[in-house]
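**Q** Supplied in structure tokens, the structure appears directly below.
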Amino acid sequence: MAQKETAPASFNRVAIYVRVSTTYQVDKDSLPMQRQDLVAYAKLMLNTEDYVIFEDAGYSGKNTDRPKYQEMMSQIRNGVFTHLLVWKIDRISRNLLDFATMYKELKDLGVIFVSKNEQFDTSTAMGEAMLKIILVFAELERNMTSERVTATMISRASNGLWNGGRVPYGYNYDIETKKFSLNETEADVVRLIHDSYEDMRSLVRESRMLNERGLRTRAGNLWNPVSLHIILHNVFYCGDYRYNVLKEGDRQKVKDESEWITVSDHHIPIVTREQKKRVISLLDANKRLDRKRNTYKSDKYVHVFAGLLFCGNCGAAMGATPEAAKKDWQYSKYICPTRRKLATACDGKITSDPIVGEFVFNYVLNMLNAQNRFADIHSPEELQSALLTGDTFLYIDHIDRDGLNDLFNMLSSGKIKGAVFGKSAKIKKKKVISELTRLRKEKQKTERALDRLTNLYLYSEDAMSESEFIIQKAKLTNFLDEINEQIGFSNSDEWIQSVSDEEFVRRASEFIIAQKLTDRNYVSYKRLATSVDTAVIKTFVRSIIDSIIMDTGRVKQIIFKNGLSHTFVPK
């Protein structure tokens, strides 16, 4: 942001907003040219030298989630400016709804919108009418261009042309001849994958078998159920090319079969159509069975600690499954997921709700009791004794000194509002990142890349060719499909709460649990879990705990949401 400090005061105070969407444009003259033109316009046409320039470089116009734009709007709302000046209206947003919302806000605030390139300002009736007309046609042009690109890609696919993307495992692709050929080494593995699944009917067992044989993916990684499912469900391996299957904007949903583009005998097959049909039927049958199991589980079971437990042996996020039903209580057990890939991959022991829950809730209880009677505690050693009160902690020798001192200093400060593990403490620790979190970040990164590519093609002054755009877009969308599929698998054991007011549920959960912990010296987790809805328990746990590290089936470390971290050293 640059500001003219020597300019004389003027009744008109102008906010100048400039934006380009790509690094390519930033490196050219687009930004300097916009700044120069708009400053001159403010001086000559608006008769003022009182202006502030807000500049967003490399941000898309798809929405208004841009730092300088938000800063500018905040100052406009505070009455700092009388005019908003832009080079073209699409510098604000290419989305009609976003722009209409902003324009209505400007009008309510009495701020005049001026577009230098379209030669109008909204202080006149004609300028306002022209603005609305231009917006409608800008939106129409964008939609028509998008439809034309989609139609071109569908036409290419109908003619058997490859629209780009990751070449399927088992094949090589010649860019010059635009033909697929077999990668014999990988093709043998593809045949083994199909044959083995018909025998085993288990993606988990099959991935373990392949890994123990020393077979690896093209990238050199271990096989997993997700990568196997992609190969087994893909009709490409029986010689057919299929396109336009998934919906734009929601790659998890499948279009109506009438919209699919299928080219039979497109390339050399690795497996027969008959075997592919048998394999897909088995996959679909297992999927229906899993859906029934998940529906049943969602009604009766909630994995309280799912997504919070990490294997202290290898660092992987532990997966959750329901334990066999007992007469009066059914709970969850947690296992390191690397066992799904290799039987000898990790020797981290299985744990369960009774073990983790008993430890966590009694430790939280001891923290609350220590906080309530901290006036009688005079040293970290006395605090440690209070925290390890009870038979639950008999195997613990001591608490790591750093974490213990952090808590002692927090309590000594007397500035804590609420519970010691709440958000009032400002201790920052390194967060354990789960595989699901990594996939979600990768998805967001790919979606942003897809947006930048589309904007570069549609609006750049030196636009790329349509064929280059089609190839690059196909690569990104295919990669996004794979990420979405992996997220779908990663989410299969995760309990997702659907509520209208998350904060209300969190506070209600804290209140209910607090009633169960009040005036107690011991918590029976089994009694708690059978007397309180497990969904409430899960919400409470997730509201205070960031992650729990396990070792030999027992709790090794608890990291709270506020950054407080306690590591437990066994005897």
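The values are calculated or read from the model by the stated rules, or taken from the named source; none is laboratory data. None of these values were measured; they are calculated from a predicted model. So basically every Cβ, Gly included, is an ideal-geometry build from the backbone, and we count neighbours across all protein chains shown.
**Q** Between a residue in region 150-168 that is outside the structural domain of Tyr243 (by TED's automatic domain parsing) and any residue that is among the basic types (Lys, Arg), which pairs come within a Cβ distance under 8 Å, given they are 6 or more apart or on different chains?
**A** Met153/Lys473; Leu161/Lys178; Trp162/Lys178; Asn163/Arg156; Gly164/Lys473; Gly164/Lys475; Gly165/Lys475; Arg166/Lys475
**Q** Could you tell me which of the residues Leu246, Leu282 is at pLDDT below 90, over 22 Å from Thr152 (Cβ atoms) and of a type in the set (A, V, I, L, M, F, W, C)?
**A** Values: Leu246 fails: over 22 Å from Thr152 (Cβ atoms).
Being at pLDDT below 90, over 22 Å from Thr152 (Cβ atoms) and of a type in the set (A, V, I, L, M, F, W, C) holds for just one of Leu246, Leu282, which is Leu282.
**Q** Oh, and also: Working only within region 370-396, note down all residues that are closer than 30 Å to Ala320 by Cβ and either polar (S, T, N, Q) or within 39 Å of the chain's Cα centre (by Cα) (or both). Even if it seems obvious, please write down each step before you answer.
**A** Residues of region 370-396 that are closer than 30 Å to Ala320 by Cβ, as a first pass: 387-396.
Selection gives Leu387, Leu388, Thr389, Thr392, Phe393, Tyr395, Ile396.
**Q** Scan region 53-72 for residues that are part of a loop (DSSP other than H, G, I, E, B), out of contact with any helix residue (DSSP H, G or I) (no Cβ under 9 Å at 6 or more places or on another chain) and buried (at least 17 other Cβ atoms within 10 Å of the Cβ) and jot them down. Give the steps one after another, and end with the answer.
**A** Step one: filter region 53-72 for residues part of a loop (DSSP other than H, G, I, E, B), giving 58-66.
Then keep just the ones that are out of contact with any helix residue (DSSP H, G or I) (no Cβ under 9 Å at 6 or more places or on another chain); that gives 65-66.
Correct list: Arg66 only.
**Q** Select from region 30-52 the residues that are within 13 Å of Val114 (Cβ to Cβ) and in contact with a helix residue (DSSP H, G or I) (Cβ under 7 Å, 6 or more places away or on another chain) and list them in ascending order.
**A** Selection gives Thr48, Tyr51.
**Q** Does Lys253 satisfy the condition of being under 23 Å from Asp195 (Cα atoms) and modelled with pLDDT under 80? Write out each step before concluding.
**A** Values: under 23 Å from Asp195 (Cα atoms): no; modelled with pLDDT under 80: yes.
For Lys253, the condition - under 23 Å from Asp195 (Cα atoms) and modelled with pLDDT under 80 - is not met.
**Q** Continuing with the same structure: Is there a residue in region 32-40 that is on the phi < 0 side of the Ramachandran plot, in contact with a Leu (Cβ under 8 Å, 6 or more places away or on another chain) and at pLDDT 80 or above? Don't jump to the end; show me each part of the working.
**A** Within region 32-40, the first condition is being on the phi < 0 side of the Ramachandran plot, and the residues that meet it are 32-40.
With in contact with a Leu (Cβ under 8 Å, 6 or more places away or on another chain) added as a condition, the list becomes 38.
Then keep just the ones that are at pLDDT 80 or above; that gives 38.
Checking region 32-40: at least one residue is on the phi < 0 side of the Ramachandran plot, in contact with a Leu (Cβ under 8 Å, 6 or more places away or on another chain) and at pLDDT 80 or above.
**Q** Tell me, yes or no, whether region 30-52 has at least one residue that is under 33 Å from the mean Cα position of the chain (by Cα), in contact (Cβ under 8 Å) with a residue 24 or more places away in the chain and crowded, with 21+ Cβ neighbours inside 10 Å.
**A** no
**Q** I'm trying to understand the selection: among the residues of region 197-206, which are over 29 Å from the mean Cα position of the chain (by Cα) and surrounded by fewer than 16 Cβ atoms within 10 Å (Cβ to Cβ)? Break it down stepwise before answering.
**A** Keep residues of region 197-206 that are over 29 Å from the mean Cα position of the chain (by Cα), which gives 197-201.
Correct list: Glu198, Asp199, Met200, Arg201.
**Q** Identify all residues within region 540-571 that are at pLDDT below 85 and among the polar types (S, T, N, Q); write none if there are none.
**A** Residues satisfying the conditions are Ser543, Asn562.
**Q** Need pairs with beta-carbon distance below 8 Å; first residue exposed (fewer than 13 other Cβ atoms within 10 Å of the Cβ) and within region 207-224, second part of a loop (DSSP other than H, G, I, E, B) and at pLDDT 90 or above; sequence gap 6+ or separate chains.
**A** From residues that are exposed (fewer than 13 other Cβ atoms within 10 Å of the Cβ), there are no pairs.
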